[in-house]
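Enquirer: Once you've had a glance at the structure underneath, I'll fire off some questions.
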Amino acid sequence: MSDADGRREALPNGRADGSSDADGRREALPNGRADGATDRGPALGVLEVGTIARGIVAADAALKRSPALLLHSRAVSGGKHLVMIEGGVAEVDEAMRAGVLAAGSALLDKVELSMADAQIWPMLGAPVAAPDWTPDPEAEAVAIIETSTVCAAIAAADAAVKLAAVTVQDVRFAVDLAGKAYFTLTGTLDAIEAAAGIAGETAGTRLVALEVIAQPSPDLRGRLFR
């Protein structure tokens with residue numbers, strides 16, 4: 001159901017489609033979305049707010065302004081709050097404008113991608129740890145990118161995977177990192193060097209560290225974090 005302005009109306013069990021699992025919670029589907037849609041976005045917006053209370057206010061303002069879909073509204077290390085939304089380009093843009101306004105001086109960072117790469121969506125469920133690098137036959141080299149904000153990591157990863165044939169492997173956003181974030185990429189050395197370059201450029205002053213290993217030790221290949 002929807003109301004007059006086209007927004008989906010929440011039903012008594014909390015889902016817009018009326019379905020729920022046995023205990024009333026939304027059931028995650030194989031594609032990672034609770035509504036069963038197979039497409040993503042295409043636009044993605046993320047707000048990184050300095051206080052949890054103001055982060056929730058920003059999420060509320062964004063969702064009241066636009067029918068964009070809320071992916072996450074969660075507190076993370078460093079006392080920060082992340083708000084992630086997806087939808088059409090215009091929907092996400094409108095929601096982001098409202099969220100930024102509501103966040104005010106508490107806004108630490110933001111990223112808005114009009115066409116987020118397919119590898120970005122799985123990152124949003126961080127932490128992500130690849131069991132091995134088998135799915136990437138070109139995993140000759142690895143890059144480790146560390147940023148001061150989550151938004152910087154998302155923007156850097158999107159730029160990197162769009163520029164070069166690299167694969168996102170490990171991801172952690174803020175939790176147990178004092179608010180920082182990191183992700184790793186694998187690929188041929190040439191691809192990794194190109195991807196690392198654009199990732200560092202995109203992160204700018206928010207880049208904490210960037211390292212490239214041309215030939216990781218066999219003991220580390222596919223298992224950088226244990």
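Here, each number is a calculation from the coordinates, and none is a lab measurement. Just so you know, these numbers come straight off a predicted model, no measurement behind them. Here the Cβ is made from the backbone with ideal geometry for all residues, glycine too, and neighbour counts use every protein chain on show.
Enquirer: Which length gain, in nm to one decimal place, applies between Asp176 and Val212 when the Cα-Cα distance is subtracted from 0.36 nm times their residue separation? Intermediate results must be reported in sequence, preceding the final value.
Expert: Values: separation 36, 0.36 × 36 = 12.96 nm, distance 2.32 nm.
This chain segment gains 10.6 nm when fully extended.
Enquirer: How far apart, in nm, are the 7 Å Cα→Cβ label points at Val89 and Ala129?
Expert: Placing both labels 7 Å along Cα→Cβ, they lie 3.9 nm apart.
Enquirer: Sort Arg223, Arg54 by Cβ crowding within 10 Å, fewest neighbours at the top.
Expert: Ordered from fewest to most neighbouring Cβ atoms within 10 Å, Arg223, Arg54 come out as Arg223, Arg54.
Enquirer: Okay, next question. In a shell of Cβ-Cβ distance under 11 Å around Asp117, excluding Asp117 itself, what net charge do Lys and Arg (+1) and Asp and Glu (-1) give?
Expert: +1
Enquirer: Which net charge results for the neighbourhood of Leu220, defined as the other residues with beta-carbon distances under 14 angstrom from its beta-carbon, given Lys and Arg at +1 and Asp and Glu at -1?
Expert: Neighbour charge sum, excluding Leu220 itself: -2.
Enquirer: Let me ask another. Grab the beta carbon distance between Asp219 and Ala118, set R0 = 41 Å, and tell me the FRET efficiency rounded to 0.05. Kindly include the intermediate steps, with their values, before the conclusion.
Expert: Numbers: r = 31 Å, r/R0 = 0.75.
It comes to 0.85.
Enquirer: Which net charge results when you count Lys and Arg as +1 and Asp and Glu as -1 among the other residues whose beta-carbon is under 14 Å from that of Ala75?
Expert: Neighbour charge sum, excluding Ala75 itself: +1.
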